[in-house]
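Data first, discussion second: the structure below is written as structure tokens.
The values are calculated or read from the model by the stated rules, or taken from the named source; none is laboratory data. All figures in this text were calculated on a predicted structure; none of them were measured in a lab. Using ideal geometry, Cβ is built from the backbone for each residue, glycine included, and neighbour counts are taken over all protein chains shown.
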């Protein structure tokens with residue numbers, strides 16, 4: 001598993017954690033953060049988009065805070 005997929009156009013197909021996070025609406029549909037990163041932040045009660053340095057033009061993510 002990768003911490004992010006910023007250099008890719010889409011995440012790896014086998015990132016089950018990211019698929020789960022997408023299905024539950026924790027991140028936008030085109031999120032490029034790694035699933036373990038996303039779920040770790042969610043489990044800590046944090047917004048995964050808030051501190052993400054990813055390319056918003058690719059992922060359509062919420063604003064960085």
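Being closer than 16 Å to residue 62 by Cα, modelled with pLDDT of 95 or more and surrounded by 13 or more Cβ atoms within 10 Å (Cβ to Cβ) holds for only one residue in 18, 32, and it is 32. Within the range 40-53, does at least one residue satisfy the condition of being assigned to a helix (DSSP H, G or I), surrounded by fewer than 16 Cβ atoms within 10 Å (Cβ to Cβ) and in contact (Cβ under 8 Å) with a residue 12 or more places away in the chain? Within the range 40-53 (the criterion being assigned to a helix (DSSP H, G or I), surrounded by fewer than 16 Cβ atoms within 10 Å (Cβ to Cβ) and in contact (Cβ under 8 Å) with a residue 12 or more places away in the chain), the answer is no, since none of the residues qualifies. If you check 64, 58, 2 for being at pLDDT below 95 and either part of a helix (DSSP H, G or I) or touching a strand residue (DSSP E or B) at 6+ places or on another chain (Cβ under 6 Å) (or both), only one passes: 58.
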